[in-house]
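Asker: This is the structure I want to talk about, given as structure tokens.
The values are calculated or read from the model by the stated rules, or taken from the named source; none is laboratory data. Quantities reported herein were computed from a predicted structural model and do not represent experimental measurements. Neighbour counts are summed over all protein chains in view; Cβ atoms, including those assigned to glycine, are modelled from backbone coordinates with ideal geometry.
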Amino acid sequence: MSPGPVVLKFGGTSVADAEAIGRLVRHVTNAHQRTRAVVVVSALSGITDRLLHLAAAATVTDDAALASGLTELQERHEAVAQLAAPGSAELVQEIAAEIAELRNLLHAVGTLKDASPRTRDAVAAFGELLSSRIVAAACQTAGLPAVRVDPRRVLITSDAFGCALPLTDEVNAAVAEHLRPIVAAGQVAVTGGYVGATTSGVTTTLGRGGSDYSAAILGAALDASEIQIWTDVDGMMTADPRIVSSTHVVPRLSFEEASELAYFGAKVLHPSTILPAVSKNIPVKILNSRRFDGGGTLITAASPVDEPLAALACKRHITVVDITSTRMLMAHGFLRRVFEVFERCRTSIDVVSTSEVSISVTIDDASRLDALVEELSAFAEVRIEHDMAILCAVGDGLRRDPRLATRILGSLEQFPLRMVSQAASRRNVTVVLQDSAAAEAMNHLHETFFARDVAVSGSARGRA
Ligand code: ADP
Ligand code: ASP
Ligand code: MG
């Protein structure tokens, strides 16, 4: 059997304008010359936000905002299309048809005053539907045998609008029918990320940042030989470059390390991306779409052996919920009761720490906090603290060297820590502290373990 295709995913900034799309075409051409390629694209940068604003504006029948928003949207896509695929009358027509459909949809949103998650998904999907048309046309203009595939034909999902989950059997069947033949014919399939559809064809999305996940889902269904995430940074960095200025690329990560980092805030990878890759043991690469000289981060099952820490991650503005009950003392069933409340309120917990009489948890989504507090208050005392942050040091090395955790905590001694946790996987050390201290703590930790001239912590892995 010949090796599977490479899936190349390009994020919003990597398709932001004609210049970026020109670079994309070069990358796809390079891949197509070597092997078979499938392309997954995000919406043009900023467009998903614009679409969601338009959906909100439509419900308050803000006609002027709606009309100008739609015109702006159409003009931006037309301008990019004209430069990326000059003279393609078909593309101009396709964009006009998509915009007309969007206008009708927004009109219906205004009439029904309905911006439910289902409607918001239908509106948000236009970003990727439009960008994939432009990118497919740009590839064709450059002479590539590109075929655009509507993501709703292949990415079959649950009906959990706003955070839909892939239905593996249905995706496999749809990919076999609509994608594999294109790949087998030596053509380049181009599709939109983030967007899917239920088995009855209703448009869904995988949640913000979901195009990475789309690429991994399709990659697994295609038995891809590699999943490439092309973005605006050089790879997975040793910390969030928006918080720490002296970061450098982490050349190698294990699947587990990448998962932990993505889960705890490394936005460069959607937290679910690794799952499908693991299921088929497909290497994932994170690459800078502005560069043509290799590099990047390679994520595989193998754990880089000689390194203590891989990288740091940070989740800002989270909420801590303290649940105290003197009755908890030796009472079995208490934790079950607590977690059932979170389940009923559909709120997921990130970090947990317990003592004999209390349990502290962190939550990212505080939208159902009132209901949570009300239910918990029926059997415990509840205290809430907003504006906290989770700081997480990740590395398979933590499993090998028990002293590392102590060193991490020691280096944070000047910061009051609200919670401390190390899970059974012993792949991360996680602390919770005031959000106002997060940036300083992150920089301090980074300086201690990743500064290039620091030999003691020796994160040679960071020396790309
Ligand atoms: P794309 O549009 O290509 O999907 P994203 O904005 O979703 O790109 O993700 C890339 C961004 O993730 C970077 O610009 C960076 O600001 C942020 N980021 C946060 N943590 C990290 C990290 N550890 N390594 C790299 N980037 C990170
Ligand atoms: N366009 C979507 C978003 O902005 C999905 C993505 O870019 O991954 O969230
Ligand atoms: Mg992203």
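Asker: Could you list, ordered by first residue, the pairs with Cβ atoms under 8 Å in which the first is in segment 265-277 and within 11 Å of ligand 2 (Cβ to nearest atom) and modelled with pLDDT of 95 or more and the second is assigned to a helix (DSSP H, G or I) and among the polar types (S, T, N, Q), at least 6 apart or interchain?
Answerer: So the pair list comes out as H270/S211.
Asker: While we're here: Sort through L70, L54 and tell me the only one that's part of a helix (DSSP H, G or I), within 15 Å of ligand 2 (Cβ to nearest atom) and among the aliphatic types (A, V, I, L, M).
Answerer: It is L54.
Asker: So which of A57, A20 ends up being crowded, with 16+ Cβ neighbours inside 10 Å and farther than 26 Å from L105 by Cα?
Answerer: A20
Quick grid of which residues meet (1) within 16 Å of ligand 3 (Cβ to nearest atom); (2) more than 21 Å from the chain's Cα centre (by Cα); (3) buried (at least 20 other Cβ atoms within 10 Å of the Cβ):
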position	(1), (2), (3)
V154	no, no, yes
L165	no, no, no
A184	no, yes, no
V202	no, yes, no
R208	yes, no, no
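Asker: Residues of segment 323-365 being in contact (Cβ under 8 Å) with a residue 24 or more places away in the chain and among the small types (G, A, S), which ones?
Answerer: S325, S353, S358, S360
Asker: Any chance you could count how many residues in segment 275-286 are surrounded by 22 or more Cβ atoms within 10 Å (Cβ to Cβ) and within 14 Å of ligand 1 (Cβ to nearest atom)?
Answerer: 2
Asker: Go through L106, L83 for me and flag whichever is within 19 Å of V202 (Cα to Cα) and either among the charged types (D, E, K, R) or part of a helix (DSSP H, G or I) (or both). Spell out how you get there, then give the answer.
Answerer: Details: L83 fails: within 19 Å of V202 (Cα to Cα).
On inspection, the qualifying residue turns out to be L106.
Asker: Additional query: Can you tell me which residue within segment 376-400, out of those that are assigned to a helix (DSSP H, G or I) and either touching a strand residue (DSSP E or B) at 6+ places or on another chain (Cβ under 9 Å) or surrounded by fewer than 18 Cβ atoms within 10 Å (Cβ to Cβ) (or both), is modelled with the lowest pLDDT?
Answerer: Selected residue: R400.
Asker: Restricting attention to segment 225-239, and to residues there that are under 19 Å from S14 (Cβ atoms) and away from ligand 2 (no atom under 16 Å from the Cβ), which single residue is surrounded by the most Cβ atoms within 10 Å (Cβ to Cβ)?
Answerer: M236
Asker: Does A173 satisfy the condition of being away from ligand 1 (no atom under 16 Å from the Cβ), more than 12 Å from L206 (Cα to Cα) and either at pLDDT 95 or above or crowded, with 19+ Cβ neighbours inside 10 Å (or both)? Full working, then the answer.
Answerer: Details: away from ligand 1 (no atom under 16 Å from the Cβ): yes; more than 12 Å from L206 (Cα to Cα): yes; either at pLDDT 95 or above or crowded, with 19+ Cβ neighbours inside 10 Å (or both): yes.
In short, yes.
Asker: Now, a different point. What's the total number of residues in segment 253-291 that are of a type in the set (F, W, Y) and within 13 Å of the chain's Cα centre (by Cα)? Before the answer, list the steps.
Answerer: Start the filter on segment 253-291 by keeping residues that are of a type in the set (F, W, Y), which leaves 255, 263-264.
Restricting the remaining residues to those that are within 13 Å of the chain's Cα centre (by Cα) gives 263-264.
Of the residues in that region, 2 qualify.
Asker: Tell me the residue from A215, A220, A189 that is within 13 Å of ligand 1 (Cβ to nearest atom), surrounded by 19 or more Cβ atoms within 10 Å (Cβ to Cβ), touching a residue at least 60 places away in the same chain (Cβ under 8 Å) and aliphatic (A, V, I, L, M), please.
Answerer: Working: A220 fails: within 13 Å of ligand 1 (Cβ to nearest atom); A189 fails: within 13 Å of ligand 1 (Cβ to nearest atom).
Answer to the check: A215.
Asker: Something else about it: If a residue counts only when it is more than 18 Å from A85 (Cβ to Cβ), which strands (runs of 3 or more DSSP E) contained entirely in segment 112-214 have at least 2 such residues?
Answerer: 195-197, 203-205
Asker: Moving on to the next point. Looking at this structure, is S367 over 15 Å from R427 (Cα atoms), of a type in the set (S, T, N, Q) and in a strand (DSSP E or B)? Break it down into steps so the answer makes sense when it comes.
Answerer: Numbers: over 15 Å from R427 (Cα atoms): yes; of a type in the set (S, T, N, Q): yes; in a strand (DSSP E or B): no.
No.
Asker: Given D159, D212, which one is more than 14 Å from ligand 2 (Cβ to nearest atom) and at negative phi? Outline the logic, then answer.
Answerer: Values: D212 fails: more than 14 Å from ligand 2 (Cβ to nearest atom).
Selected residue: D159, the only one of D159, D212 that is more than 14 Å from ligand 2 (Cβ to nearest atom) and at negative phi.
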